[in-house]
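Chemist: Following this message is one structure expressed as structure tokens.
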Amino acid sequence: MRAVGQRFASMGTKDIRKNISGGIDIRIQRQLKSYKKDDSPPSRVEPVPITIILYILHRAYGSKRVADSQAVADVITIAFFFLLRPGEYTGTTTDDAAFSLADVTLFLQDKELDPMTAPLQDIEAATAVKLTFTTQKNGTRNESILHGRSDDALCCPTKAVIQRNLHHRHHNSKSTTSLASYYNPRRNWLVAVKAKDVTGVLRHAAAANRSVTGINPKDISARSLRAGGAMALLLSLIHI
């Protein structure tokens, strides 16, 4: 009984985290502050469903074709299928660089194509695309991911890259040019597709399809493409 009594008595001992004034010890405060700097809390985003991707593509490649709308739609498609962070496909963050044309390899069956020099008819008929991570913050340099061509007329990572490649081939872009960019048709200026542009288009599409998807436009952003692509991949594996 004495042992039990001693054990319960220990519950009333002094809180070692606090100083003599009753506040949290300064050393613990500094430690907790450093944790916040090193590991910020994750912010959740709503995954973008394929319905919204299709809506954006059909709008961009419909009757009114505009260079900026097509560029953003292509970039969204690429990010969705390759599960990319905003900095990896737009390069508008401080710690990442976007894919350049030099990071792209196209394939026609087993034949590797140089996107900058291969015949245009081969580029248009390409059956697969490979993106190589060179300066992107994915943890593994020179890692590559390959996607084949889909049966959909628009929703296809290979076709999206082909569209960007043909656009830049037409304007004689350098191999160092960002894949997520386009030339202003009026002034022939090179314009970078930014994360805020992607967010704006996604939210506009979400608003137009809210009755179908139930998604609040405010709940999605450029970061939602990675989550949306991962969700689509998971669902496809479940239904195999």
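A short reminder: the numbers here are calculations on the coordinates, not readings from a lab. Keep in mind that this is a model prediction, so the values were computed, not measured. Please note: Cβ atoms are built from the backbone with ideal geometry, for glycine as well, and neighbour counts cover all protein chains shown.
Chemist: How far is it, in nm, from the label point at Ile238 to the one at Val45 when both lie 7 Å from their Cα along the line to the Cβ?
Modeler: Going by the 7 Å Cα→Cβ label model, 2.1 nm.
Chemist: Going out from 0 in 10 Å bins, what whole percent of all Cα-Cα distances in the range 50-238 drops into each bin?
Modeler: 9, 38, 39, 13, 1
Chemist: Could you work out how much longer the chain between Arg65 and Asn216 gets when fully extended? Use 0.36 nm per residue separation minus the Cα distance between them, nm to one decimal.
Modeler: Length gained, Arg65 through Asn216: 51.6 nm.
Chemist: Rg and Dmax of the range 129-223, using alpha carbons, in Å: what are they?
Modeler: 16.1, 43
Chemist: Sticking with this one: Please get the size of the charge dipole for the range 168-219, origin at its Cα centre, with Cβ charges of +1 on Lys and Arg and -1 on Asp and Glu, quoted in debye to the nearest 20.
Modeler: Result for the range 168-219 is approximately 180 debye, rounded to the nearest 20.
Chemist: Cβ neighbours within 10 Å, averaged per peptide: list 70-76, 46-52 in order, most packed at the top.
Modeler: In descending order of packing, they fall as 70-76, 46-52.
Chemist: Taking N as the number of residues in the range 164-214, what is its Cα Rg relative to 2.2 N^0.38 Å?
Modeler: For the range 164-214, the normalised Cα radius of gyration comes out at 1.51.
Chemist: Out of Tyr183, Gly200, Thr213, whose Cα points farthest toward the positive end of the dipole of the range 172-216 (charges: +1 Lys, Arg; -1 Asp, Glu; placed on Cβ)?
Modeler: Tyr183
Chemist: Could you compute the net charge surrounding Asp122? Neighbours are other residues with a C-beta less than 14 Å from the C-beta of Asp122; K and R count +1, D and E count -1. Write out the running numbers ahead of the final one.
Modeler: Details: positive: Lys111, Arg149, Arg169; negative: Asp110, Glu112, Asp114, Glu124.
Net charge around Asp122: -1.
Chemist: Quote the charge dipole size of the range 111-206 about the Cα centre in Debye, to the nearest 20; the model charges only the Cβ of Lys and Arg (+1) and of Asp and Glu (-1). Write down the numbers at each step before the final one.
Modeler: Details: 14 positive and 8 negative charges, 105 e Å.
Taking the Cα centre of the range 111-206 as origin, the dipole is about 500 debye.
Chemist: To continue, here is another question. Size of the dipole of the range 50-238 about the Cα centre, Lys and Arg at +1 and Asp and Glu at -1 on the beta carbon, nothing else charged, in debye to 20?
Modeler: Its charge dipole is roughly 700 debye.
Chemist: Using a 7 Å offset from the Cα along the Cα-to-Cβ direction at both Lys33 and Lys196, what is the distance between the two label points in nm, to one decimal?
Modeler: With each label point 7 Å from Cα toward Cβ, the separation is 3.1 nm.
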